[in-house]
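Written below as structure tokens is the structure these notes are about.
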Amino acid sequence: METGFDIALALLLLCVGGWSVIARNMMTAVIVFIAYGLLLSLAWVRLHAIDVSLTEAAIGSGATGLLMVIAAHKVAGDTKRVVQLSRGFHVLAAVFAALVAVGIAALAFVLPGEPSSLAAPVLERLPDSGLGNPVAGVLFVFRSFDTLLEKVVLLLALIGVWALARDADWGGVPGLRLFRERHSVLTLLARTLPPIGFVFAIYMTWAGADVPGGAFQGGTVLAAMWILVMVAGVRRPPRISSPPLRLAIVAGPVVFLAIGFLGFLAPGAFLAYPEGFAKPLIVAMETALTLSIAVILGLLIAGPPKGEDAP
Amino acid sequence: MSAALLFWLAGSGLIGLSVYGLIVNPHPLCKLLALNLLGSGVFLLFGVIARRGASAGLGGDPVPQALVITGIVVAFSATAIAVALLLRLHTEAGEASIDEEDGQP
């Protein structure tokens with residue numbers, strides 16, 4: 001029964017993934033890609049990786065999909081396929097891609113027989129941190145440097161996106177397309193859903209210490225609520241020069257770094273937690289990160305600032 | 001046939017599909033989509049490796065799982081920049097294309 005489900009899921013993944021590659025219409029391709037992301041998060045559940053599944057559904061499918069939908073809508077005009085590829089080239093590309101796929105698939109049969117695993121060492125040291133979720137433990141204790149840099153990457157991405165604004169628009173309002181229809185279903189949703197989403201996001205962040213969830217997943221839910229409010233036109237996106245906004249953006253990385261440097265004082269190493277204080281420090285860090293992640297994700301999707309008259 | 005092996009095959013198939021899409025689709029947005037698909041296929045392979053490392057009562061090795069989470073976030077950041085670049089190109093040139101200028105009328 002379970003194998004049957006897995007086979008169906010694997011086939012469905014290949015079909016839906018293939019559909020989004022060959023779809024003629026760009027919007028179709030993007031929407032199929034979102035569906036693909038949701039199917040993929042099911043596959044992650046089957047691989048016993050609930051944390052990854054939540055992230056894939058929220059970021060890989062939801063946030064990436066939304067970015068692509070906005071982009072596909074804006075470039076919908078250029079349907080002209082500029083490069084006319086010959087049939088021979090298509091066949092050549094297909095053969096090359098098939099070789100790559102077969103080569104990687106064949107690796108499944110030459111993987112070393114005895115898989116190595118860090119699960120046991122992680123579980124052995126996890127109680128010291130006060131966390132119950134091993135993945136959160138890896139993210140915030142054992143490999144917290146990775147997590148810190150990941151937040152910095154998000155920050156850099158936002159700077160990169162803002163840098164693409166025209167000089168005249170700098171400091172202005174992000175050019176998210178608004179749907180200002182006063183009595184639409186979207187407006188109703190944007191007014192009723194956010195309170196529920198807020199509670200859910202806080203729960204996800206808090207529960208992430210012990211069960212699947214965490215700052216990133218909670219932050220994405222918050223971001224989704226904010227985007228809903230902006231898209232429905234209930235609230236305009238803020239000016240990117242607004243000081244509270246800038247503060248919210250850097251809060252996460254700053255708190256993270258501050259706690260990291262605090263480690264020099266107590267246990268004597270960067271990003272090390274003083275004994276007995278690991279859990280409260282991690283929760284403080286996660287709270288600041290949730291806020292920053294929500295704001296950064298929302299702004300990344302809202303795009304660079306754009307003047308009122310600009311196209 | 002175990003779930004791990006099945007999803008390994010699915011992951012490699014997805015990588016193949018997206019490599020094909022990356023080569024033949026001329027529009028930058030399609031290429032970006034294929035690149036994201038390629039990334040998800042690679043992550044899936046990594047997930048299978050995490051699943052093979054199931055031990056000590058856990059369903060999978062938490063270290064590769066945490067790395068995949070970081071990977072998904074970094075992939076999203078890269079996509080956000082790429083989309084912003086693409087849209088700016090579209091505003092400037094009237095069309096997003098990665099072709100040489102002389103191909104334009």
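The values are calculated or read from the model by the stated rules, or taken from the named source; none is laboratory data. Being a predicted model, the structure only gives us computed values, none of them experimental. FYI the Cβ positions are ideal-geometry reconstructions off the backbone, even for glycines, and counts take in every protein chain you see.
Miscellaneous remarks
- Among the candidates A:ALA120, A:ALA76, A:ALA63, A:ALA106, the residue that is in contact (Cβ under 8 Å) with a residue 60 or more places away in the chain and of a type in the set (A, V, I, L, M, F, W, C) is uniquely A:ALA63.
- For region A:250-300, the candidate set comprises residues that are aliphatic (A, V, I, L, M) and in a loop (DSSP other than H, G, I, E, B); within that set, the residue that is surrounded by the fewest Cβ atoms within 10 Å (Cβ to Cβ) is A:ALA269.
- Scope region A:7-24; condition touching a residue at least 24 places away in the same chain (Cβ under 8 Å) and either at the interface with chain B (Cβ under 7 Å from one of its Cβ atoms) or not in a helix (DSSP H, G or I) (or both); matching residues: A:ALA10, A:LEU13
- A:LEU42 vs. criteria more than 9 Å from chain B (Cβ to nearest Cβ), surrounded by fewer than 20 Cβ atoms within 10 Å (Cβ to Cβ), assigned to a helix (DSSP H, G or I) and under 15 Å from the mean Cα position of the chain (by Cα): no
- The condition (being within 20 Å of A:GLY137 (Cα to Cα) and outside any helix (DSSP H, G or I)) is satisfied by just one residue among B:ALA54, B:ALA66: B:ALA54.
- A Cβ distance below 6 Å, combined with a sequence gap of six or more or placement on separate chains, defines the contacts here; from region B:3-16, residues that are among the aliphatic types (A, V, I, L, M) reach residues that are not in a helix (DSSP H, G or I) in the pairs B:LEU5/A:ALA108.
- Residue match in region A:26-38 (condition: crowded, with 22+ Cβ neighbours inside 10 Å and closer than 23 Å to A:GLY213 by Cβ): yes
- The set of residues in region B:91-105 that are under 23 Å from the mean Cα position of the chain (by Cα) and either facing chain A (nearest Cβ under 7 Å) or modelled with pLDDT of 80 or more (or both) comprises B:ALA96, B:SER97, B:ASP99.
- Any chance A:GLY214 is on the phi > 0 side of the Ramachandran plot, surrounded by fewer than 21 Cβ atoms within 10 Å (Cβ to Cβ), within 24 Å of the chain's Cα centre (by Cα) and of a type outside the set (Asp, Glu): no
- Helices (runs of 4 or more DSSP H) contained in region A:79-166 and holding at least 2 residues touching a helix residue (DSSP H, G or I) at 6+ places or on another chain (Cβ under 6 Å) and more than 7 Å from chain B (Cβ to nearest Cβ): A:119-129, A:144-162
- Filtered by the rule that a residue be among the hydrophobic types (A, V, I, L, M, F, W, C) and either without any contact (Cβ under 8 Å) to a residue 24 or more places away in the chain or surrounded by 18 or more Cβ atoms within 10 Å (Cβ to Cβ) (or both), region A:146-162 gives A:LEU148, A:LEU149, A:VAL153, A:LEU154, A:LEU156, A:ALA157, A:LEU158, A:ILE159, A:VAL161, A:TRP162.
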